[in-house]
Amino acid sequence: NYVKERFAENIDEKDLAKSYGMSFSHFSRSVKKVTGMTFKNYLNRTRISKAEQLLFLKNCSVSEVAVACGYNSVSYFIKLYRLFTGTTPYKALGSKSVK
């Protein structure tokens, strides 16, 4: 729930583990056990999922979506978007105009 509510923030896994009173390694293993993926992968999947929603539901530019989803670098966002979805955010927009 923490990630789903704060995905756009700069989330440090070590600080998060400490806030839950867990060691970093125990926290990492627990996240992987529950989600089936690493914390970073889960965070990125959550962000990209939200990015897909923003791209299709709102009239936002790719750079606006990247920032809204917690990415400071648009090129990194595009790289991850392609990795997780198989296409670029520009192509995903299809016939929508890109700002």
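The values are calculated or read from the model by the stated rules, or taken from the named source; none is laboratory data. Since we're looking at a predicted model, the values are computed, not measured. So basically every Cβ, Gly included, is an ideal-geometry build from the backbone, and we count neighbours across all protein chains shown. We work out accessible area using only protein heavy atoms, side chains counted, and drop any ligands, DNA or RNA first. Shrake-Rupley method; radii C 1.70, N 1.55, O 1.52, S 1.80 Å.
One table, with the values for the structure above:
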{"quantity": "Entries in 4/40; 33/58; 18/50; 40/79 that, when Cα-Cα distance is taken, lie over 23 Å", "calculated": "33/58; 18/50"}
{"quantity": "Whole-number percent relative contact order across region 29-81, with pairs defined as alpha carbons under 8 Å at least 6 apart", "calculated": "24 percent"}
{"quantity": "Rough spin-label spacing in nm, given labels placed 7 Å along Cα→Cβ, for residue 12 and residue 58", "calculated": "2.7 nm"}
{"quantity": "Global form of region 44-99, assessed from the alpha-carbon gyration tensor, a/c cut-off 1.5", "calculated": "rounded"}
{"quantity": "The chain, relative contact order in percent, only Cα pairs under 8 angstrom and at least six apart counted", "calculated": "25 percent"}
{"quantity": "Dipole in debye (nearest 20) - the chain, about Cα centre, beta carbon charges: Lys, Arg +1; Asp, Glu -1", "calculated": "280 debye"}
{"quantity": "Accessible solvent surface per residue of the chain, calculated while the other protein chains remain in place, 1.4 angstrom probe, Å²", "calculated": "65 Å²"}
{"quantity": "Surface/4 estimate of mean projected area, convex hull on alpha-carbon atoms of the chain, nm²", "calculated": "6.4 nm²"}
{"quantity": "With every protein chain in place, the chain: carbon and sulfur % of accessible area (1.4 Å)", "calculated": "51 percent"}
